[in-house]
Each structure stands twice: as structure tokens, then as C-alpha cells.
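A quick write-up on the structure given underneath.
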Amino acid sequence: MSVFLVRLGVFILSAAAIGIALIPILVLIDLLDGGTGWGLCPQGIEACSNPYTTAAEFGVLLTIGLFLSVLGIRLLMKLARRLRS
């Protein structure tokens, strides 16, 4: 496996981590503009009747995704260091 492929993997995982971090902001912007919040509130924020756990579930999923992305970046960086030596 070449160092180039490892660096490409790090770049892709970094982009994914940034995308995951941006999702809550984009959902809030959608809700403020009168949207559905990417399906969280189908009738808009005024008629949103989701339970309190919906936001927590969303947060946990995003946190796990971000954690896995960062873990993948760390593992690929270790692999790159080993390939250089």
C-alpha cells in the first residue's frame, strides 16, 4: 500500500469528519428557514412534536460517526509513518 493511498484516505476521512460536524448547523439553518430540518420536523418547527430523545439520538449518531472518522484518520496516519520507515 503506497503512502499516496494512505494520504488520500486521510483526506477523505477528514472531509467526512468536517461534513459530519456541519450537519447540525445545516439542520438548524433548514429549520430556521421554514424547512423540515432534514426530516426531523416534517410539518416545520412550529408543529414539531418529536420526543426529547430525537435530538439525543441524532447527537449520539453524529458523535459516533465523528469518533469513527477521527479513529480512522489516526490509524491511517500510523500506517503512513510505518510505510515511510
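Annotations
- Among residues of the stretch 40-58 that are within 22 Å of I20 (Cβ to Cβ), those with a Cβ under 8 angstrom from a residue that is part of a loop (DSSP other than H, G, I, E, B) and open to solvent by 60 Å² or more (accessible area, probe 1.4 Å), sequence gap 6+ or separate chain, pair up as L40/N50; C41/N50.
- G19 meets each of the listed conditions (1) open to solvent by less than 60 Å² (accessible area, probe 1.4 Å); (2) touching a residue at least 12 places away in the same chain (Cβ under 8 Å) apart from (2).
- Residues in the stretch 27-81 that are acidic (D, E) and in a helix (DSSP H, G or I): D30, E57.
- Only a single item in (1) open to solvent by 70 Å² or more (accessible area, probe 1.4 Å); (2) closer than 16 Å to L5 by Cα; (3) under 17 Å from the mean Cα position of the chain (by Cα) is not met by L71, and it is number (2).
The values are calculated or read from the model by the stated rules, or taken from the named source; none is laboratory data. Treat the numbers as computed from the prediction; the structure is a model and nothing was measured. Backbone-built Cβ (ideal geometry, glycine too); neighbour counts: all protein chains shown. With ligands, DNA and RNA removed, areas are computed over all heavy atoms of the protein, side chains included. Shrake-Rupley method; radii C 1.70, N 1.55, O 1.52, S 1.80 Å.
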